[in-house]
Amino acid sequence: MESEKMDENEWRYHGEGNKSLVVCHTQRCVVLRFLKFLPNRNMTTEEVYQHLQNILDFGKHVMKQFLGENYVHHGEVVQLPLDFLKRLCLRVQSERPESRCEKEMDVSGYAMCLPNLTRLQTFPFIERRPIFCIEIKPKCGFIPTSPHITKEIKKKVCRFCMHQHLKVAKGKWKRISKYCPLDLFSGNTRRMHFALMSLLQESQNNLKVFKNGELIYGCRDDQEHLSDLNELAHHLKPFFFPTNGLVSGPQSTMCVLKEFIQVLAATMLSTSVDTGRAGGFKSVPVSQGRNYCEAGHFYTEHLRNGKHKIETSGLPKGSILYKTLQAQMLDMLDIEGLYPLYKRVEKYLEECPEERSTLLLDGPYDETFFEKLKDLSMEDNGSVEFAVTKIQQYRVAMTAKDCSIMIALSPTTQEDCFDQKSIIKTSRSSFKYSVSILDLDLKPYESIPHQYKRDSKIVSHYLNREEPAL
Ligand code: ATP
Ligand code: MG
Ligand code: ZN
Ligand code: MG
């Protein structure tokens, strides 16, 4: 970026995760995404640059192929003046939530520049109208079936629901969420609505709402008002439930939220913006696993009401949920089946360390890399090649289990005459919308042993938890 034009006062803190910190421009629709490190990290500027370039390539040549051209914005790596970075770092520090401050923003000189997806819209001339953006981190939407699984519970209860117990026990969250990813990914309207309502009620880090680029709901545990559903409904009401004040109070809040949820579910099932071209990729076999989770609240409440058949409708091909789930299901062996393959590769590398680059373990993440992912065969011939292919597919799946879906909504009126395909209509409202996916960082090869340990920790905590008294 042109250094004389960089003024830290034009940027403000936008948000952060575990790996990166994001600032947004106050006028233009762009963000800068910086890496974050523990204070004693030892990555050189050159390594930071290479890492960002890998993230970009992975988004561009791998995830884009899976998820579709229109859903993915891979951005560009930019170099920034050091004095600008120092001042920017100071400026955003006070805005950061304390729980995230263990890591520091990287100020070595490079960042990723991306479109601001909370403000992104394809029709610039409706900019006068408000724009809402809903960010959902859906997590893993299927139950694994791998024969390598040793704990039966993993075939009944989904990872998210098990992990909730550990997170609450560790004090990360106060309450267990009723959200279960299998409900969201079921494609069934009632289950999806239940999942979205549960996300609104206990959003944790799985749901945020932005209005005109500003966070108005979710995920700032240090700010109570950001979890007040009445306040959220108040923001939404004029656009989602335009009545002349006939309904008010808690009833009104519920009506508005229901309308909102209906719109969200519709955008996630829509197929109009799909331009996926998974380059001759055969779709991953539909999971043979059960389509519900035994710990899911929809399921348990359903049973309590004496209904026995759980509904699934399946997802429309090309919808964002379908695409995300397909990528997630590239994890076909489960970490328990994958870990021995990791050890096979490690053993091989001990003997021939010079082979590391031939195996493409650290990229480059280009078309050749993508081509190699296409081999879905499950027959292990004992080779290092088989092990590497499964590891790479697992890494793609992990990325898809950790990404966020961004839904941008802008109210339209009957008079607006757009391409009807990109409009969501309900009986009360109509919105121009766009859907994208962010946070498509590749998961490192080195993190596999950590994933393996974490899996067993989550499962054993779940099995040994104390059942809440009924
Ligand atoms: P995680 O801990 O989930 O891996 P991360 O450290 O990889 O997160 P991101 O999820 O990429 O970081 O970014 C952190 C937050 O910043 C996001 O949850 C989102 O709210 C916001 N954000 C990131 N990229 C963009 C973008 N292009 N436009 C708008 N907001 C963004
Ligand atoms: Mg994230
Ligand atoms: Zn579940
Ligand atoms: Mg991430």
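Here's the picture: a label point sits 7 Å out from the Cα of Glu76 along the beta-carbon direction, and within region 49-65 the residues with their amide nitrogen under 20 Å of it are 49-62, 64.
I need the GluC sites (Glu not before Pro) found in region 1-82, filtered to DSSP loop residues with at most 16 other beta carbons within 10 Å of theirs. Passing sites in region 1-82 are Glu2, Glu69. Around the Cα centre of the chain, unit charges on the Cβ atoms of Lys, Arg, Asp and Glu (plus for the first two, minus for the last two) sum to a dipole of about 1740 debye. Classified by the C-alpha gyration tensor, region 323-388 has an oblate form. Its axis ratio a/c, with a ≥ b ≥ c, is 1.5 or above, and a/b does not exceed b/c.
Here the Karplus relation 6.51 cos²θ - 1.76 cosθ + 1.60, evaluated at θ = phi - 60°, turns the backbone of region 204-209 into coupling constants of 6, 9, 9, 8, 9, 10 Hz, with x for every Gly and Pro. Taking 19 Å as the straight-line reach from the Cα of Lys5, the lysines in range (excluding those fewer than 8 positions away in the same chain) are Lys86. Shown for Leu117, Leu360: other C-beta atoms within 10 Å of each C-beta, ranked fewest to most, produce the order Leu360, Leu117. Backbone amide hydrogens, once placed in the peptide plane, bring Val157 within less than 5 Å of Glu294, excluding anything fewer than 5 places away on its chain.
A simple spin-label model places the labels of Glu301 and Gln251 2.1 nm from each other, with each point 7 Å out along Cα-to-Cβ. Extending 7 Å from Cα along the Cβ direction at Glu355 and again at Asp7 yields two label points whose distance is 5.8 nm. Checked against a 29 Å cut-off, the cross-linked pairs Lys139/Lys343; Lys60/Lys347; Lys36/Lys425; Lys211/Lys457; Lys178/Lys343 give Cα-Cα distances beyond that limit for Lys60/Lys347; Lys36/Lys425; Lys211/Lys457; Lys178/Lys343.
3J(HN,Hα) along region 319-330, derived from phi through the Karplus expression 6.51 cos²θ - 1.76 cosθ + 1.60 where θ = phi - 60°, amounts to 6, 4, 5, 4, 5, 5, 5, 4, 5, 4, 6, 5 Hz, with x in place of Gly and Pro. Multiplying the residue separation of Asp366 and Glu102 by 0.36 nm and subtracting their alpha-carbon distance yields 91.7 nm. When the chain is described by a simple charge dipole with +1 on each Lys and Arg Cβ and -1 on each Asp and Glu Cβ, the residue from Thr44, Tyr299, Leu196 located farthest towards its positive end is Tyr299. Applying both filters, DSSP loop and at most 16 other Cβ atoms within 10 Å, to the trypsin sites (Lys or Arg not before Pro) of region 9-67 gives Lys19, Arg28, Arg41. When the helices of the chain are scored as -39500 (n - 2.57) per DSSP H run of n ≥ 4 and the total is divided over every residue, the value at 222 nm lands at -11000 deg cm²/dmol. Phi angles across region 43-49 convert, under the Karplus curve 6.51 cos²θ - 1.76 cosθ + 1.60 with θ = phi - 60°, into 3J(HN,Hα) values of 9, 7, 4, 4, 5, 4, 4 Hz, Gly and Pro given as x. Placing a pseudo-label 7 Å from each Cα along the Cα-to-Cβ vector at Lys317 and Lys347 gives an inter-label distance of 4.1 nm.
Coordinate-derived values only; no laboratory data. Just so it is clear, the model here is predicted, and its values are computed rather than measured. Cβ atoms come from the backbone with ideal geometry, glycine included; neighbour counts cover every protein chain shown.
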